[in-house]
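The values are calculated or read from the model by the stated rules, or taken from the named source; none is laboratory data. Keep in mind that this is a model prediction, so the values were computed, not measured. Cβ: placed from backbone, ideal geometry, glycine included. Neighbour counts: every protein chain shown. Surface accessibility is based on the protein's heavy atoms, side chains included, excluding ligands, DNA and RNA. Shrake-Rupley method; radii C 1.70, N 1.55, O 1.52, S 1.80 Å.
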Amino acid sequence: MSAADWTTIDQPQDIRLVVADMDGTLLDEHGRIPEGFWDMPARLRSRRVDFVPASGRQYATLRNMFASKASEVLNGGELSYIAENGNVVAVDGKVVEVHGVDLGITRRTIDMVNASVSAGEYDMGLVICGLNTAYVQRTDTPFLDEVGKYYAALKIVDDLREVLDFAVEPDDYVPGEEIILKLAILDFGSSEQMTNNKLAHVRNDYQVVVSGQHWVDIMNPATDKKQGVEALQRALGVTPAQTAVFGDYLNDLLMLEAGDWSFAMSNGHPDLRAAARYLAPSNASRGVLKVVDRLID
């Protein structure tokens, strides 16, 4: 069954939670918060509707992008967030849920990336995504420029194995310590091709999610954006029937299942467009804002 066009929604709905992916979904074609966005959160909050950015980006990065202006338009309030593809969930500025990967897969991924780069197989680099900061060892400008778009808190180390000396296993985590939330690989070629060639076996025990043309994430098998949405629904007392979800790429696929009002952007991956209930205008056309106006107003 193909997605219906968003214009077939002919009246406002009882929506209490709006969750939107960032790149290719909420952000415009230049990767910026779209014009007119800041009129929306306060209007939604006044109607008891929460707007939540959901991203593979770091929690610190999302707060850098939104927190200051959100405090202004929400009279000192905060947005909630789903960060690191669901590994960090924050409600009104307070982290309520954290998940991570173990040190064993971290060590194996470090070794795989280093060996592949040394052999000239792939032009890629690894980001170890900690709760406190992200860690990289590759230092060239193209790599750091791309990583810097998503990780505001970033530390360069001589060898990523150093992180293994102080990070703790997920089961041993207590607030204040460092936990590895996920492993993000930036491949300047095709992340899907590299994943199929180098990470197929990892899927047996971990979640491997192609999150963009050049990015792939290795995560806890029980964690994804869908789990993040469900954590928000529990915290806010919202049902799937009151939830609208927007996405464009494969890492948003499961998230669509968490909301009865699921939207794929018209610029989205074909698999996502096939799975969504509705098709929204593209991110370049401010699609999220247009659909939210239709749903709420």
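So for the stretch 106-129 (the condition being among the small types (Gly, Ala, Ser) and over 22 Å from residue 201 (Cβ atoms)), does at least one residue qualify?
Among the residues of the stretch 106-129, not one is among the small types (Gly, Ala, Ser) and over 22 Å from residue 201 (Cβ atoms), which makes the answer no.
Checking each residue in the stretch 157-177 for being in contact with a helix residue (DSSP H, G or I) (Cβ under 8 Å, 6 or more places away or on another chain) and not small (Gly, Ala, Ser) picks out 157, 160, 161, 163, 164, 169.
Residue by residue, here is whether (1) open to solvent by 10 Å² or more (accessible area, probe 1.4 Å); (2) assigned to a loop (DSSP other than H, G, I, E, B); (3) farther than 14 Å from residue 288 by Cα holds:
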site: 13; (1), (2), (3): yes, yes, yes
site: 25; (1), (2), (3): no, no, no
site: 28; (1), (2), (3): yes, yes, no
site: 45; (1), (2), (3): yes, no, yes
site: 66; (1), (2), (3): no, no, yes
site: 71; (1), (2), (3): yes, no, yes
site: 100; (1), (2), (3): no, yes, yes
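Selection over the stretch 47-64 of residues that are surrounded by fewer than 16 Cβ atoms within 10 Å (Cβ to Cβ) and not in a helix (DSSP H, G or I) gives a count of 2. For the stretch 30-43, filtered to residues that are surrounded by fewer than 19 Cβ atoms within 10 Å (Cβ to Cβ) and part of a helix (DSSP H, G or I), the residue that is modelled with the lowest pLDDT is 42.
Counting the residues of the stretch 73-98 that are under 21 Å from residue 249 (Cβ atoms) and either open to solvent by 50 Å² or more (accessible area, probe 1.4 Å) or not β-branched (Val, Ile, Thr) (or both) gives 6. Per the conditions (1) open to solvent by 20 Å² or more (accessible area, probe 1.4 Å); (2) touching a strand residue (DSSP E or B) at 6+ places or on another chain (Cβ under 8 Å); (3) under 26 Å from residue 194 (Cα atoms); (4) not in a strand (DSSP E or B), the sole criterion not satisfied by residue 113 is (1). Just one of the numbered conditions (1) in a helix (DSSP H, G or I); (2) under 30 Å from residue 234 (Cβ atoms); (3) open to solvent by 20 Å² or more (accessible area, probe 1.4 Å); (4) not hydrophobic (A, V, I, L, M, F, W, C) is not true of residue 108: (2).
Just one of the listed residues (32, 57, 47) is under 27 Å from residue 167 (Cβ atoms) and of a type in the set (Lys, Arg), and it is 57. Yes or no: residue 119 open to solvent by 50 Å² or more (accessible area, probe 1.4 Å), under 16 Å from residue 84 (Cα atoms) and not basic (Lys, Arg)? When the stated conditions are applied, residue 119 does not pass them.
Checking the stretch 206-219 against the condition returns no match, with no residue being touching a residue at least 60 places away in the same chain (Cβ under 8 Å), farther than 25 Å from residue 134 by Cβ and of a type in the set (Phe, Trp, Tyr). Condition check for residue 89 on (1) hydrophobic (A, V, I, L, M, F, W, C); (2) outside any loop (DSSP other than H, G, I, E, B); (3) more than 19 Å from residue 212 (Cα to Cα); (4) out of contact with any Gly (no Cβ under 7 Å at 6 or more places or on another chain): one failure, at (4).
In the stretch 187-198 there is no residue matching the filter, namely being hydrophobic (A, V, I, L, M, F, W, C) and farther than 30 Å from residue 106 by Cα.
Residues in the stretch 1-42 that are at negative phi and either among the charged types (D, E, K, R) or within 15 Å of the chain's Cα centre (by Cα) (or both): 18 in all.
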